[in-house]
Every structure is written in C-alpha cells, then in structure tokens.
1. Identify the single condition in (1) buried (at least 16 other Cβ atoms within 10 Å of the Cβ); (2) at pLDDT 95 or above; (3) over 9 Å from the mean Cα position of the chain (by Cα) that Glu63 does not satisfy, given that it satisfies every other one.
2. I need the full set of residues from the range 24-45 which are loosely packed, with under 11 Cβ neighbours inside 10 Å and either in contact (Cβ under 8 Å) with a residue 12 or more places away in the chain or in contact with a Gly (Cβ under 9 Å, 6 or more places away or on another chain) (or both), in order please.
3. Could you please find all residues in the range 28-51 being under 14 Å from the mean Cα position of the chain (by Cα), over 13 Å from Leu61 (Cβ atoms) and of a type outside the set (Gly, Ala, Ser)?
4. In the range 46-60, which residue that is surrounded by 14 or more Cβ atoms within 10 Å (Cβ to Cβ) and hydrophobic (A, V, I, L, M, F, W, C) is farthest from Asp3 (Cα to Cα)?
Amino acid sequence: MPDKIHLILHLGEKLDHLLIVMHRENQGWLFRLVDSEGKILQEQTGFKQAIAAEEQGKQWLSEYLYSL
C-alpha cells in the first residue's frame with residue numbers, strides 16, 4: 001500500500017512552514033515539517049493515530065520557532 005497523506009497545514013507566524021501528516025503501512029502515522037525553502041526540518045514516525053502525529057508536529061514546530 002502506498003503512503004497516504006492525511007493532512008497538509010501551513011503553520012508559523014508567516015504561514016511559511018508545512019506540516020504534513022501521513023500514514024505508512026510499515027511505520028504507522030507520521031509527521032513531517034518542511035520550511036519555506038523545502039527543507040525537511042523534522043520527521044517523526046510511529047504514531048498510532050493521525051491526531052497524535054498532528055499534535056506532536058505542532059508542538060515540535062512551536063518549540064523550534066521559539067528557540068530561534
């Protein structure tokens with residue numbers, strides 16, 4: 001089964017980051033955070049539910065942006 005994208009959100013103060021939540025059969029739900037240049041800032045796998053991946057992705061981005 002191919003990867004399935006569940007959600008794509010624009011986040012950040014300027015909406016210049018993407019949060020992508022997707023499902024992989026062998027890894028469960030995961031999130032990816034992409035910056036305005038297309039670089040993947042973070043990817044975490046192994047979530048049992050899409051909402052858990054989404055919430056963790058938002059939390060990670062919030063902490064990342066705060067640290068800049």
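The values are calculated or read from the model by the stated rules, or taken from the named source; none is laboratory data. Worth saying up front: this structure is predicted, and the values here are computed from it rather than measured. Note that we place each Cβ from the backbone using ideal geometry, even for glycine, and neighbour counts take in every protein chain shown.
1. Only one criterion in (1) buried (at least 16 other Cβ atoms within 10 Å of the Cβ); (2) at pLDDT 95 or above; (3) over 9 Å from the mean Cα position of the chain (by Cα) is unmet by Glu63, namely (1).
2. Glu25, the sole residue that qualifies.
3. Trp29, Leu30, Lys39, Thr45, Phe47, Gln49, Ile51
4. The residue in question is Trp60.
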